[in-house]
Amino acid sequence: MKLKALAAILAGATTAILAAPAGAADNFVTLGTGGITGVYYPVGGAICRLVNQGRKDHGLRCTVESTGGSVFNLNAIASGDLDVGVAQSDTQYYAMKGEDKFAGKPSKDLRALFALHAEPFTVVARKDANVKSWDDLKGKRVNIGDPGSGTRSVTELVMKETGMTNASFKLATDLKPAEMAGALCDNKIDAFTYVVGHPNASIKEASTTCASTLVNVTGPGIDKLMKSNSFYPSATIPGKMYTGSDADTKTFGPRATIVASTKLSDKAAYAIVKAVFDNLNDFKKLHPALENLTAAEMLTGNTVPYHPGAVQYFKEKGLMK
């Protein structure tokens with residue numbers, strides 16, 4: 001996404017980190033997102049923009065912060081450093097259960113507000129690296145995701161299910177999303193993984209700046225992974241979305257979700273959900289990854305209980321019994 005478009009989306013959403021701690025006032029919420037070149041940041045900005053437009057009615061002010069992504073956001077919500085965050089449905093599940101990156105530290109107070117777009121596990125490779133499948137990454141220089149991100153968690157899970165470790169690669173890097181396209185096109189890495197909604201700015205940058213292509217992520221190991229984890233359905237990235245990838249790309253992936261905790265007041269949760277659902281047509285126009293969303297679909301994919309404030313809105317609108 002171009003910077004001008006991003007700025008437009010974030011209009012009305014304060015991006016500064018305020019001195020007051022999260023939850024310090026019932027009329028102020030902070031929403032954790034992800035890297036500025038990903039989908040979470042502009043989508044979080046879109047949510048805050050809609051919330052802030054109705055501030056005269058509900059008195060709530062929403063600000064958005066760029067963060068390390070899903071794992072960071074869920075930990076920050078649990079500690080009270082964030083009120084609301086964007087998180088993958090898989091990391092949401094692990095945080096609630098105290099598994100994977102959250103081993104021994106279950107966050108039983110997590111509550112869902114609503115779901116967003118699908119997030120296919122995406123592999124982008126230089127064409128001259130001759131990577132046609134996931135297994136072809138062996139011996140290559142691969143960026144496996146920023147520590148603390150959902151991308152890193154899923155990449156490590158894929159590695160485990162396919163018998164790979166960091167040693168399987170010539171080089172395993174942990175660049176942030178904003179650095180990946182540049183590293184690929186500067187020939188510092190051969191490929192990068194990314195769990196993200198599409199279309200995505202970093203992938204568009206890579207596909208237009210240098211010869212690159214999307215890679216199918218399929219096979220027995222992936223089939224086993226999806227069978228064991230119901231929140232990882234198969235996914236398809238449409239062909240011709242990016243330069244150099246004319247055919248559909250077959251993969252899998254979670255959904256993006258909006259998560260809070262029981263610390264968020266019912267009033268605030270209701271206002272956030274209402275701001276998005278009452279203005280759903282406008283919301284869908286604020287980023288291409290959102291354009292096919294439906295209200296019913298936004299109540300699927302969550303793996304933690306819904307927040308009472310969200311339930312109140314959904315019942316009023318007949319979206320939930």
Note, ³J(HN,Hα) from phi for the range 125-134, Karplus 6.51, -1.76, 1.60, rounded to Hz, x at Gly and Pro: 10, 5, 5, 6, 7, 6, 9, 9, 8, 4
Lys pairs in the range 217-321 with Cα under 21 Å (8 or more apart in sequence, or on separate chains) total 14
Given 0.36 nm per residue, what is the gain on full extension from Leu171 to Lys240 after removing their alpha carbon distance, in nm? 21.9 nm
Counting each DSSP H run of 4 or more residues in the chain as -39500 (n - 2.57), what helix-only mean residue ellipticity at 222 nm follows after dividing by all residues, to the nearest 500 deg cm²/dmol? -9500 deg cm²/dmol
Listed by chain and number, the residues whose amide H is under 5 Å from that of Thr67, excluding neighbours fewer than 5 places away on the same chain and using placed H, are Thr33, Gly34, Gly35
Ranked on Cβ counts within 10 Å of their own Cβ, fewest leading, Thr165, Thr122 go Thr165, Thr122
Taking H as built 1.01 Å from N, whose amide H comes closer than 5 Å to the amide H of Thr257, not counting residues under 5 places away? Ala87, Gln88, Ser89, Leu116
Highest average packing first - 81-94, 47-60, Cβ atoms within 10 Å: 81-94, 47-60
With unit charges on the beta carbons (Lys and Arg positive, Asp and Glu negative) and the dipole taken about the Cα centre of the chain, which residue among Ser212, Gly44, Thr243 sits farthest to the positive side? Gly44
Model label zone, Lys127; criterion: amide N under 19 Å from point 7 Å along Cα-to-beta-carbon; scope the range 200-214: 203-214
Give me, ordered by chain and number, the residues 5 or more places off Thr303 or on other chains with an amide H under 5 Å from its own placed amide H. none
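Bear in mind that the values in this text are calculations on the coordinates, not laboratory data. Please read all numbers here as calculations on a predicted model, not as lab measurements. Please note: Cβ atoms are built from the backbone with ideal geometry, for glycine as well, and neighbour counts cover all protein chains shown.
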